[in-house]
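Here the structure comes first, spelled out in structure tokens, and everything after it is commentary.
The values are calculated or read from the model by the stated rules, or taken from the named source; none is laboratory data. Since the structure is predicted, the reported quantities are computational estimates derived from the model, not experimental observations. Here the Cβ is made from the backbone with ideal geometry for all residues, glycine too, and neighbour counts use every protein chain on show. These accessible areas exclude ligands, DNA and RNA; they are computed on the full protein's heavy atoms, side chains included. Shrake-Rupley method; radii C 1.70, N 1.55, O 1.52, S 1.80 Å.
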Amino acid sequence: MQIQPKASHFIDGEYVEDTTGEAIEVIYPFTGEVVAKVHAATPAIIDRALTAAARAQKEWASWTGTERGRVLRRAADIMRERNHDLSVLETYDTGKPYQETSVADATSGADALEYFGGLAGSLTGEHIPLAGGDFVYTRREPLGVCLGIGAWNYPTQIASWKGAPALACGNAMVFKPSETTPLCALKVAEILHEAGAPAGTYNVVQGMGAVGAALINDPRVAKVSLTGSVPTGQKVYAAAAAGVRHVTMELGGKSPIVIFDDADLENAVSGAILGNFYSTGQVCSNGTRVFVQKGIKDAFLARMTERLKGVVMGDPQDPAVNFGPMVSANQRDIVMGFVKKGVAEGARLVTGGHAIDGPGFFIEPTVFADVTDDMTIATDEIFGPVLSVLDFDTEEEALARANDTPFGLAASVFTKDLTRAHRMAAGFEAGTCYINTHNLAPVEAPFGGSKLSGVGRENSKLAIEHYSEMKGVYVAMTDVEAPF
Ligand code: NDP
């Protein structure tokens, strides 16, 4: 199977190739085969993308918000019409099952384009009356050229979640996908161009971290939005700070799911499945520390083990398959290293725990019980299908232990006690909290992290604040009084 794109980059409204850049092989995680090859951006490609974006941004920002919104909503329609093909591509790029990609990737990207397209016409400033008839009005201005840098787990979604609010506000974007999944963002660029975005408004350049680093340091970049790990976020944030650039940081996590004795068992198990095994566990907001109150623990583990019999591994392009391989051999090996540490540090392996032989990078869904707070599998982000169950007695204890982490991306509570649910949500040190569910990310709601998990929010009206800035204009209605 070959899914070679027309060229490596999409710049100024067209596909652009430069084979002098380092080759990047795209490997289908189910077969281990190379299915496409692209080339990393050279300095000339980077310059071409930024030049195009800087020029296009001026024109794009001169359009009315309603006109920009129309383009984004048209792009959303095209994305939905092509959902099947885009989902097949997403599955080749990431190895996630088509059963997931057909409902969670291009569809989520289309939601973002539609939502921010709808908001674009209503982005305004305000009028502030002052003494003597003077007043200030504020103008909501775009930032300029925004740089998006993506992780490999949701390539279409990340390219859209960053692009849609950026473009709605009148910015242009240069997007660098992860080298592991370079294909899908090219389609986002192609669709936006087809929908009527002027050439240069949304550009994609390929490359490893070094290309991202070169882009961040360019003075033409006004804002950097990264989805990635905490160590990368720290580097990118520091580099952006040198140029005093705006940032959004969507980073990693080690989120808690707290399940009380009175929880609906089936919903709690479903939430823990979504929060640990969807996308083979490769989700930043996963609730990988599952605190289970002692009275429900045995029932929880028994039901979880039973439900995991419903896992169907295999060719992710087969719509019947619901559990895919890890994105790469490297990620599989990293995750298996954590599994081995879990066993060595004394956690009880309830189910799974093995990599599966074969060309695909599969790991069995893995559940550990009797995990303690200090074990590596309870402290470090694993980013694979590994669920850890930790016991607890009281609400106060659960909240304190749930918060005892440098991360703060997501947190959830399962209980039928209404007041306790809201107390927990208020007490969680996390940017994205759930009551009786986990891991949903509708475009209407803010998404993002506290503490080491990030800065800023994606989605919702709040994202507008991170892709625009207010200019205050003071208007004097009287003569100017000066001291001399
Ligand atoms: P990485 O941090 O390894 O990489 C993220 C992106 O940054 C990649 O495109 C990478 O390029 C690029 N990059 C690496 N170094 C630099 C640098 N010095 N300057 C600029 N760019 C750089 O993350 P992964 O791709 O491995 O993704 C997994 C991580 O992403 C997990 O920690 C996960 O939690 C997090 N994540 C967070 C989400 C959120 O919304 N909070 C959502 C999804 C994932 P390349 O890989 O090509 O070298």
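So which of GLU126, GLU141 ends up being farther than 30 Å from GLY32 by Cβ, in contact with an Asp or Glu (Cβ under 9 Å, 6 or more places away or on another chain) and among the acidic types (Asp, Glu)?
Result of the check over GLU126, GLU141: GLU141.
May I ask you to list the residues in segment 108-148 that are in a helix (DSSP H, G or I) and open to solvent by less than 40 Å² (accessible area, probe 1.4 Å)?
Matches in segment 108-148: SER108, GLY109, ALA110, ALA112, LEU113, PHE116, GLY117, LEU119, ALA120.
For segment 400-415, enumerate the residues that are under 25 Å from GLY281 (Cβ atoms), open to solvent by 40 Å² or more (accessible area, probe 1.4 Å) and either in contact with an Asp or Glu (Cβ under 7 Å, 6 or more places away or on another chain) or free of Cβ contacts under 8 Å to residues at least 12 places away in the same chain (or both).
The answer is ARG401, ASP404.
Within segment 321-344, how many residues turn out to be assigned to a helix (DSSP H, G or I) and surrounded by 15 or more Cβ atoms within 10 Å (Cβ to Cβ)?
The number of residues fulfilling the criteria is 9.
Here are GLN99, GLN57, GLN4: which of them is of a type outside the set (Lys, Arg) and either surrounded by fewer than 17 Cβ atoms within 10 Å (Cβ to Cβ) or assigned to a loop (DSSP other than H, G, I, E, B) (or both)?
GLN4
Sort through THR51, THR31, THR20 and tell me the only one that's of a type in the set (S, T, N, Q) and closer than 30 Å to ARG332 by Cα.
Checking each option against the conditions leaves just THR31.
Mind checking which residues of segment 174-202 are among the polar types (S, T, N, Q) and closer than 18 Å to LEU86 by Cα?
Hits for segment 174-202 are SER178, THR180, THR181.
Anything in segment 234-262 that is small (Gly, Ala, Ser), within 11 Å of the ligand (Cβ to nearest atom) and either open to solvent by 50 Å² or more (accessible area, probe 1.4 Å) or without any contact (Cβ under 8 Å) to a residue 40 or more places away in the chain (or both)? List them, or say none.
Once the filter is applied, which keeps residues that are small (Gly, Ala, Ser), within 11 Å of the ligand (Cβ to nearest atom) and either open to solvent by 50 Å² or more (accessible area, probe 1.4 Å) or without any contact (Cβ under 8 Å) to a residue 40 or more places away in the chain (or both), segment 234-262 yields ALA238, ALA239, ALA240.
Could you say whether any residue in segment 151-167 is touching a residue at least 24 places away in the same chain (Cβ under 8 Å), more than 16 Å from the ligand (Cβ to nearest atom) and more than 19 Å from the chain's Cα centre (by Cα)?
Within segment 151-167, none of the residues are touching a residue at least 24 places away in the same chain (Cβ under 8 Å), more than 16 Å from the ligand (Cβ to nearest atom) and more than 19 Å from the chain's Cα centre (by Cα).
Could you please tell me which pairs satisfy a Cβ distance under 8 Å, a separation of 6+ or placement on different chains, a first residue in segment 281-299 that is within 10 Å of VAL389 (Cβ to Cβ), and a second residue that is open to solvent by 20 Å² or more (accessible area, probe 1.4 Å) and in a strand (DSSP E or B)?
That search, which allows pairs on different chains as well, returns PHE291/ASP391; VAL292/ASP391; LYS297/ASP391.
Being under 20 Å from the mean Cα position of the chain (by Cα) and free of Cβ contacts under 8 Å to residues at least 24 places away in the same chain narrows it down to one of VAL103, VAL174, so name that one.
VAL103
So for segment 302-320 (the condition being within 16 Å of the ligand (Cβ to nearest atom), within 29 Å of THR101 (Cβ to Cβ) and in a loop (DSSP other than H, G, I, E, B)), does at least one residue qualify?
no
For segment 350-399, which positions are open to solvent by less than 10 Å² (accessible area, probe 1.4 Å) and touching a Pro at 6+ places or on another chain (Cβ under 7 Å)?
Those that are open to solvent by less than 10 Å² (accessible area, probe 1.4 Å) and touching a Pro at 6+ places or on another chain (Cβ under 7 Å): GLY360, ILE363, THR366, PRO385.
Which ones in segment 416-465 are touching a residue at least 60 places away in the same chain (Cβ under 8 Å), within 20 Å of GLU266 (Cα to Cα) and in a strand (DSSP E or B)?
TYR434
Of everything in segment 268-297, what is open to solvent by 10 Å² or more (accessible area, probe 1.4 Å) and farther than 24 Å from GLY448 by Cα? Give them in sequence order.
GLN293, LYS294, GLY295, ILE296, LYS297
Among the numbered criteria (1) in a helix (DSSP H, G or I); (2) touching a Gly at 6+ places or on another chain (Cβ under 7 Å); (3) among the basic types (Lys, Arg); (4) open to solvent by 70 Å² or more (accessible area, probe 1.4 Å), which single criterion is violated by ARG68?
(4)
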